[in-house]
Structure formats: structure tokens, C-alpha cells
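The values are calculated or read from the model by the stated rules, or taken from the named source; none is laboratory data. None of the values given here were measured: they were computed from a predicted structure. Note: ideal-geometry Cβ built from the backbone for every residue, glycine included; neighbour counts use all protein chains shown.
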């Protein structure tokens, strides 16, 4: 089965990694919801929100995973062509990967701010919809607030979490397997991002 999966990674890297990411990041959100429910009073505990899980997994499948599936081989080509020393090359690749974290996190928070906003707008347009108690903030204002509150802690956590993983990934793991290694480690990363994205009160 592992050999068959490796063939798929080589023949259809985008489709294979995106399919893998759907299950991995969906699992990360399920874990995040469980953590939130364990830490909440019994009266505030909620059933599994499958819509939230699908929304969260959708971001990683449609944007995050394709971005890094393309980025890994690009970094390999650019750095390997200019740096002969394997250790120096690995360090450069690690720093380049780390530098993309603010961009990826910003996109994730923008997606998280926009999607519920769009859903509220669609629901408000329904003839059966009751008038809202208070008008929701525009999506860009929600995003701006999340950026000022969450971007720096997210980048700090990414530094602690991803720097050693990326070093070992570039230094030891064959190129076709690197996105899979990243996706596997991303169960923990996806859980953290989901907890950051969907704080209690931010979902409402």
C-alpha cells in the first residue's frame, strides 16, 4: 500500500496531497473541537460541527496544500542550484519555508473571517430570516482584528514547531515524501490553527 501511495505521489502529486490533506486537517479540526468542549462548561459544550470541519478542511485542500505542494520543489530547485553544501542548503530551505508562514496564516485568517461573513449575508437575504440583533462587522474588519490579535502568536508557534520539522524534512526525507511528512505533522498544526481561528465567541 505504501508503494502504491508513493506512485500516486509521483504521478499525481497535487491530487494525492490534497486528498490526504482533507483527512488530516479535518482530523485536526475534530481534535480542536473536542479540546474546546472539554474546556467549556457543560452548558456550553456543543456537538461536532461538521460544517466547521468541512470549512476548515476546505481551506487546506483548496489553498494551503496546493501552495506548499508547489513550493517544496521550487525551493529545492532554487536553493540546490545555488548552494552546494547540503547543510547550508537545508538551512536556507528551512528559513524560506518559515518565511512563508505569515502569508499562509494571513490567508487562513482572511478565509476564516470571510466565509462566515458570506454565510451570514446569504442567510440575511433569505425571506424567512429574522432580523439580526446587531449588524455583523464587515469581513475585512474581522480579518484586521484577527491579524492584530493572532498573527504574531501564530508565527511564534510556527517558529517553534516548524523550524526543526522543516530542517529534518529537507535534510533526511526524499523529495516526493516531504509534503506527506508536512501533512502528517500538520495534524497538530491544524489543531492549533483551528483553535486560533474558531475561538469561543468567534464562531457566532
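Annotations for the structure displayed:
- Subset tally (residues that are surrounded by 16 or more Cβ atoms within 10 Å (Cβ to Cβ) and within 9 Å of residue 26 (Cβ to Cβ)) for segment 45-59: 3
- Residue match in segment 94-107 (condition: modelled with pLDDT of 80 or more, surrounded by 18 or more Cβ atoms within 10 Å (Cβ to Cβ), touching a helix residue (DSSP H, G or I) at 6+ places or on another chain (Cβ under 8 Å) and within 24 Å of residue 61 (Cα to Cα)): yes
- Residues of segment 168-189 classified as surrounded by 18 or more Cβ atoms within 10 Å (Cβ to Cβ) and at pLDDT 85 or above, total: 2
- Applying the condition of being touching a helix residue (DSSP H, G or I) at 6+ places or on another chain (Cβ under 9 Å) and surrounded by fewer than 21 Cβ atoms within 10 Å (Cβ to Cβ) to segment 31-44 and asking which residue is modelled with the lowest pLDDT yields 44.
- Qualifying residue in segment 72-82 (condition: farther than 21 Å from residue 172 by Cα and modelled with pLDDT under 85): no
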